[in-house]
Amino acid sequence: MADENHLRQDFEALSVSKRLMRSVSQKLRKKSLKSEDEDDSVRRVSLRCLTIYGRGGGCKVGADTGEEYGDPSSRRRSSASEDGRGYSTICGTEETGVDCFSYGVKERFWKKNTRKDLELEESTFNSRMHVFLPDDILEMCLVRLPLTSLMSARLVCKKWRNLTSTSRFLQMRREGLHHNPWLFLFGAVKDGYCSAEIHALDVYQDQWHKIDADILKGRFMFSVANILEDVYIVGGCSSLTNFGRVDRSSFKTHKGAFVFSPLTKSWRKIASMKYARSMPILGASEVHPDFSATQGHQIRQERRFNRSRMGGGSDVYEDPHRLSLRRQQRNTFDENDLSVCSARKPHKLVRQKIDQSSSKSSRRFVVIAVGGLGSWDEPLDSGEIYDSVSNKWTEIQKLPPDFGIVCSGTVCNGIFYVYSESDKLAGYDVERGYWIGIQTSPFPPRVHEYYPKLVSCDGRLFMLSVSWCEGDGQIGRRNKAVRKLWELDLRCLGWSEVSVHPDAPMDWNATFVADRNSIFGVEMFKIFGQVLDFMTMCDVSEKGPNWRHISRNQMAHELDASSCMTKSLAVVYL
């Protein structure tokens, strides 16, 4: 203890002189040699870390370590070099430089002067992480994320945002197996104004999300349809006197159309229609890569006056589906039937070519808009078709004069089926470019205040209609209205009941959409001063399909009752 106190006093009175430094180094050398016999770990005392192993602090200046490592050229001699041998470095690399700092000063000095070095090392480390995680691996990981997680991942860095926005990534996600249905509700009205928001429902997670849509601010009574992962918004109205309000006393009908991509949350404007329309009936169909709407329009003009209409006899070549002949000659088979078969074969061949070519080349889609209300709020019987490749709208043949006002429509197997308020059914052959009158077995009974809704999924045509249900023969029991799901047999042209919707038909403007094997519906109505909403789903692939609720009273409580009239729905698998 006396020696240590003496050494501490020497260090306190230490001045920068060679003589004192030589005595200090000799004392430290004797202490280290004594402790070397007791413990092997103490033998390797670092010249750079004497403040740790020396009890009195301080350092040894000018120590010579170059000769010990076989490098005489790096030898730095000092007054203590002869006595400084026998020490070896145990911290850091084999450096010959010796730090001269008192206890604690070295750490503070190192933190202050190496902050930039740490930032450089951190950036280098991050860049090495990207090097060891190629873009292909990143894409494989990101493409499997749910949509909500993918949106969050895009906020990590610019690299991830750009990587998940490329056409290659979108194609990988489109062709992948990690798809979940999302329902997008448009046309919500809040406090009397058109809400510039889209309400999106993740069906599997049962979570609602709001998406800003300033481009739709002030627009209402438009229609939507989806193609793959894009949603097309067509037509609509806007108030002239009170912008943003749902006011049809003075309004303007629009021709414009937009495309919304939920994956990238991006909008783009496409070509405008020929005529302004509000609430047109939309349908989307895949066509042959060599499809030309202009060529089909010329063919329609040549055949326009030779076409048969609903229910009458027709040339079988003008009616490739034999829709009128089947009703008149269901149990007979003659030469006309042979010619019918020969007329249908080219149509099947065209569909096969489309399926084969679509797998080899880029797929091509068209959007069809039929009916709706014009600029003067008059019903329209005209139609237009939009080609996504040429970005042009082309007018198609008008509906038959006695068809009536179109109330619903859908595309099934390349035919755009439309239903009128007068209970008539017609189909537009997208490839050939003309209308076909369809006469079926007696249509399902319906309540005339509720218009039927046509939907198509998995190559099957369905219709939802509201009808009265008898009171099971019980005396005094009142009849009730129910909504039923019917399917049309495209061969026999007969309707058959599939299932019954679980909810009472409170919404006369209920909206239904279908994709793949599922049918989705939304009903909104106001009762007791509050707007309620019900989201239902039906899987038609199951035997005896049943409806189930996927969301209830989670979204419409803050909306106005006018949303029941202006709403529109689209389903996208993302």
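The values are calculated or read from the model by the stated rules, or taken from the named source; none is laboratory data. None of the values given here were measured: they were computed from a predicted structure. Positions of Cβ are backbone-derived with ideal geometry, glycine not excepted, and every protein chain shown enters the neighbour counts. Accessible surface areas use protein heavy atoms only, side chains included; no ligands, DNA or RNA. Shrake-Rupley method; radii C 1.70, N 1.55, O 1.52, S 1.80 Å.
In segment 551-574, the qualifying residues are those that are part of a helix (DSSP H, G or I) and over 17 Å from Ala225 (Cβ atoms), and the one that is nearest to the chain's Cα centre (by Cα) is Ala556. Among the residues in segment 519-537, are any assigned to a loop (DSSP other than H, G, I, E, B) and in contact with a strand residue (DSSP E or B) (Cβ under 9 Å, 6 or more places away or on another chain)? No, the conditions are met nowhere in segment 519-537. Can you spot a residue in segment 429-445 that is β-branched (Val, Ile, Thr), under 36 Å from the mean Cα position of the chain (by Cα) and modelled with pLDDT of 95 or more? No: segment 429-445 contains no residue that is β-branched (Val, Ile, Thr), under 36 Å from the mean Cα position of the chain (by Cα) and modelled with pLDDT of 95 or more. Applying the set (1) at pLDDT 90 or above; (2) within 24 Å of the chain's Cα centre (by Cα); (3) open to solvent by 40 Å² or more (accessible area, probe 1.4 Å); (4) not small (Gly, Ala, Ser) to Arg516 leaves exactly one unmet item: (1).
Scanning segment 496-518 for residues that are under 13 Å from Ile550 (Cβ atoms) and not in a strand (DSSP E or B) returns Pro502, Asp503. For the residues Lys210, Lys274, Lys269, Lys252, the requirement of being open to solvent by 60 Å² or more (accessible area, probe 1.4 Å), at pLDDT 90 or above and in contact with a His (Cβ under 9 Å, 6 or more places away or on another chain) singles out Lys210. A single entry from Ala225, Ala271 fulfils the requirement of being closer than 18 Å to Ala570 by Cβ and assigned by the TED database to the domain that holds Gln554: Ala225.
Would you confirm, using the coordinates I've provided, whether Arg516 is of a type in the set (Lys, Arg) and in contact with a Pro (Cβ under 7 Å, 6 or more places away or on another chain)? Against the criterion (of a type in the set (Lys, Arg) and in contact with a Pro (Cβ under 7 Å, 6 or more places away or on another chain)), Arg516 does not qualify. Do we have Asp230 as in the same structural domain as Gly529 (by the TED database) and free of Cβ contacts under 8 Å to residues at least 24 places away in the same chain here? No. For segment 155-192, a tally of residues being assigned to a helix (DSSP H, G or I) and more than 24 Å from Phe512 (Cα to Cα) returns 14. When Gly218, Gly236, Gly244 are checked against the criterion of being touching a His at 6+ places or on another chain (Cβ under 8 Å) and either among the small types (Gly, Ala, Ser) or open to solvent by 70 Å² or more (accessible area, probe 1.4 Å) (or both), Gly236 stands alone in meeting it. The residues in segment 373-400 that are touching a residue at least 40 places away in the same chain (Cβ under 8 Å) and in contact with a Leu (Cβ under 6 Å, 6 or more places away or on another chain) can be counted, and the count is 1.
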